[in-house]
Amino acid sequence: MRVVNLGPDPSLAYRPDSHEKDKSEFRNFESGALFDRVFNTYKLMHTYQTLDFVKQKHLEWANCNHFSMSMMENIDSLDELVDESDPDVDFPNSFHAFQTAEGIRKEHPDKDWFQLVGLIHDIGKIMALYEEPQWAVVGDTFPVGCKFQNSIVFRNSTFEGNPDEKNPALNTEFGIYEPKCGLNNILMSWGHDEYLYQVMKFNKCTIPEEGLYMIRFHSFYPWHSNGDYMHLCNEKDLQMLPWVKEFNKFDLYTKSTELPDVESLRPYYQSLIDKYCPGILRW
């Protein structure tokens, strides 16, 4: 297994290391120390994430035949990644997982499944340990097979090399899809969100549907933060949208330099893993 550097994950790169910053300063795609690296990651993503590419990745990964490990082993393994997405905070990925989970636990003590989602939401990034390039693992997601909406980050400067951009059949509002067909029937750009969702379904994990939506669409910023792609949504998607938004505030704003005592938290979160996705899982 080859350990590779993760490229910058824009959903992580501008998260706060304190709660003193204004929220308008987060997710700054116009300047900053990581701008060139972030832009280049998106340039690759928006060039190569095509409809055919996504279909191929589903064939490669959705059968979950790469390896077997428990959920907690996966969380720990991500600490092997050199994640260059965070310019200000230098600590292992698992700390962000526990910080997110603890933030949710504080405000939603009665929803243990929600807490668990906070813990595991990024662990689909383990694909990067199996030689997937960073642009196929991290970053904001978007539908393929239809017109790329303007709210996609760097929309106007990174898609010119994508062959789907030049295909008239894929450049209408609906593309290959039907109106209000539902996000479940949409192919999203490939990344850790969709992969972990497929792992959950394959292993018959019992996290409620609200949690599965959080896992599958937490990086779909054009939808949950900008209101695009509503013409593809059905009633179920609209019902789930507030849950995804609720999750997002913990994903973005719980990170701080005050690190949790991970070892003391493990028994509690292991009990949640045992409840909803126990044992050795196939990935």
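Considering only Cα-Cα distances, which of the following residue pairs are longer than 30 Å: K166/K236; K57/K236; K57/K166; K43/K204; K55/K180?
K166/K236; K43/K204
From zero up to wherever the largest Cα-Cα distance of the range 64-188 sits, split into 10 Å bins and tell me the percent of pairs in each.
Answer for the range 64-188: a P(r) of 10, 29, 30, 25, 5 percent.
Which cross-chain or sequence-distant (5 or more) residues have an amide H under 5 Å from the amide H of D140, H modelled 1.01 Å from N in plane?
S11
Show me the ranking of peptides 129-137, 193-201 by mean Cβ neighbours inside 10 Å, starting with the highest.
193-201, 129-137
Can you run phi through the Karplus equation (6.51, -1.76, 1.60; θ = phi - 60°) for the range 212-229 and list ³J(HN,Hα) in whole Hz, with x for Gly and Pro?
5, 5, 4, 4, 6, 10, 5, 9, 8, 4, x, 8, 7, 10, 10, x, 7, 6
What does the charge dipole of the range 124-168 about its Cα centre add up to, to the nearest 20 debye, if the Cβ of each Lys and Arg holds +1 and the Cβ of each Asp and Glu holds -1?
For the range 124-168, the charge dipole is close to 160 debye.
Could you please state how large a percent of the accessible area of the range 149-283 is carbon and sulfur, counting protein chains only and using a 1.4 Å probe?
Of the solvent-accessible surface of the range 149-283, carbon and sulfur hold 52 percent.
The values are calculated or read from the model by the stated rules, or taken from the named source; none is laboratory data. The model shown is predicted, which means the values in this text are computed figures rather than measured ones. Heads up, the Cβs are rebuilt from the backbone with ideal geometry, glycines too, and the neighbour counts pull from every protein chain shown. Surface areas here come from the heavy atoms of the whole protein model, side chains and all, with no ligands, DNA or RNA. Shrake-Rupley method; radii C 1.70, N 1.55, O 1.52, S 1.80 Å.
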